[in-house]
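Read-outs: derived from the displayed coordinates by stated rules, not from any lab. Values in this document were obtained by computation on a predicted structure and should not be read as measured data. When we count neighbours, we look across all protein chains shown, and the Cβ atoms used for this are built from the backbone with ideal geometry, even at glycine.
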Amino acid sequence: MTRIGNDSSNSKPGAQESDTGRQYEQEMFNQSLAGMGAFSAEALQSIYTQCKTRQLCKQETLLEAGQICQSAYFIVSGAFYQFRMRDIDENIIELHIENEWFLNQASFIAQKPSIDTIKAYADSKILELTVSSIHQLIESSPVFFQLGKLLHPTTQRTQFFDEAMTPAEKYNYLLTHRPLLFQRFPLKYIAAYLKTTPETLSRIRSTY
């Protein structure tokens with residue numbers, strides 16, 4: 001199998017990681033995949049080796065609307081948000097924080113231009129796994145078909161946030177399942193994500 005290797009060419013000058021930091025990073029990475037399938041230590045190492053390290057500054061664009069999403073990303077540190085322009089406003093679609101995988105699902109699956117933009121909310125470090133690398137892994141062993149579960153987190157948003165839930169139910173869901181979002185993003189971002197107003201969200205929070 002041809003391996004791309006963990007490329008640090010996009011790292012900031014002089015940013016050399018310690019062995020301890022690299023080990024911690026890989027442990028986070030391995031844990032993130034543990035819920036997706038039964039990967040051996042060797043398989044996890046193969047996936048990690050295929051990833052490319054990237055660092056982005058705050059407000060730097062990772063995926064521009066009109067581009068095709070060619071990769072899935074794991075956040076080592078930092079935070080990202082996906083949005084769709086509505087006139088001059090950023091209509092927030094997704095929020096992502098460290099130790100999470102993310103991508104633009106519709107563009108990635110169809111390999112068509114994205115209608116959304118992905119930006120770094122803070123200075124961030126990510127591991128990028130390209131679609132070509134995923135194909136290489138799958139060609140090497142059927143066990144890597146389990147990587148298809150990387151697509152699942154983004155399929156839940158419509159069900160949980162756009163259809164049947166009230167603002168209070170949405171807030172409670174985030175509080176239960178993704179509490180760190182409230183530490184990483186300001187209230188206006190959370191409110192936009194939940195499709196409510198900051199004032200309504202403040203009233204809901206005051207009851208908890």
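Of note:
- Average Cα contact separation per residue, segment 164-208, under 8 Å, 6 or more apart, as relative contact order %: 42
- Highest average first, the peptides 90-96, 104-110, 142-148 ordered by how many other beta carbon atoms sit within 10 Å of their residues are 90-96, 104-110, 142-148.
- Normalised by the number of residues in segment 19-150, the average gap of Cα pairs under 8 Å and 6 or more apart makes the relative contact order 34 percent.
- Out-of-range pairs (alpha-carbon distance over 20 Å; input Lys112/Lys195; Lys52/Lys125; Lys52/Lys112; Lys170/Lys195; Lys58/Lys112): Lys112/Lys195; Lys52/Lys112; Lys58/Lys112
- With helices as the sole contributors, the chain gives -10500 deg cm²/dmol at 222 nm; each DSSP H run of n ≥ 4 counts as -39500 (n - 2.57), and the sum is divided by every residue.
- Protection-proxy order for peptides 73-80, 26-33, 190-197, each taking the mean of Cβ atoms within 10 Å per residue, highest first: 73-80, 190-197, 26-33
- FRET E, pair Thr49, Ala110, Förster distance 22 Å, beta-carbon r, rounded to 0.05: 0.20
- For segment 192-197, putting each phi into the Karplus relation 6.51 cos²θ - 1.76 cosθ + 1.60 with θ = phi - 60° gives couplings of 4, 4, 8, 6, 9, 9 Hz, in residue order, rounded to whole numbers and with x for Gly and Pro.
- For Ser77, nonlocal amide neighbours, meaning residues 5 or more places apart or on other chains whose placed amide H falls under 5 Å from its own, are Lys125.
- Beta bridges assigned by DSSP with both partners in the chain are antiparallel in approximately 95 percent of cases.
- What the phi angles of segment 96-104 give under the Karplus curve with 6.51, -1.76 and 1.60, with θ = phi - 60°, is a coupling list of 9, 10, 4, 6, 10, 8, 7, 6, 9 Hz, glycine and proline written as x.
- Here the Karplus curve 6.51 cos²θ - 1.76 cosθ + 1.60, taken at θ = phi - 60°, turns the phi angles of segment 53-61 into couplings of 7, 9, 10, 10, 8, 3, 6, 6, 7 Hz, with x standing for Gly and Pro.
- Placing pseudo-labels 7 Å out from each Cα toward the beta carbon at Thr176 and Met36 gives an inter-label distance of 2.6 nm.
- By average C-beta atoms within 10 angstrom, highest first, the peptides 57-66, 111-120, 131-140: 111-120, 131-140, 57-66
- For Leu63, the residues 5 or more places off, or on other chains, whose built amide H falls under 5 Å of its own are Ile118.
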